[in-house]
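First up is the structure itself, then whatever we jot down about it.
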Amino acid sequence: MEPVVITLPTASGLPHDVYRCPNCQIALWSDYGRRGVLSFLRVGTLDAPHVFVPDVHIYTRSKVPWLELPANVPAFEEYYDLE
């Protein structure tokens, strides 16, 4: 079974391809800009959600105002330089 690719618009004009399960439409991984060398795997679990702790928050400029981000985790309004 092949994933379904949904292309989303971005402020940069580069495509953001989200690969989804064809049955349930859950996001499996993303490719920002169609680089072909780097994918962002979506991970999570409903059995033990505390196991996967974010190491960075990106695109916070569009977060809802009531969402409090932890002070000890880096946060960026947009994307960030991986270096």
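Results, tabulated for the structure shown:
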| read-out | value |
| --- | --- |
| Leu38 being in contact with a His (Cβ under 6 Å, 6 or more places away or on another chain) and open to solvent by less than 100 Å² (accessible area, probe 1.4 Å) | no |
| Residue within the stretch 59-70 that is at pLDDT below 90 and either aliphatic (A, V, I, L, M) or assigned to a loop (DSSP other than H, G, I, E, B) (or both) present | yes |
| Residues being in a loop (DSSP other than H, G, I, E, B) and open to solvent by less than 70 Å² (accessible area, probe 1.4 Å) - total across the stretch 16-35 | 3 |
| Any hit, the stretch 41-48, residues being open to solvent by 100 Å² or more (accessible area, probe 1.4 Å) and not in a loop (DSSP other than H, G, I, E, B) | yes |
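The values are calculated or read from the model by the stated rules, or taken from the named source; none is laboratory data. This one's a predicted model, so the numbers in the text were calculated from it and none came from an experiment. As a convention, Cβ positions derive from the backbone with ideal geometry for all residues, glycine included, and neighbour counts pool all protein chains shown. Quick note on the areas: whole protein, heavy atoms, side chains included, nothing else; ligands and nucleic acids left out. Shrake-Rupley method; radii C 1.70, N 1.55, O 1.52, S 1.80 Å.
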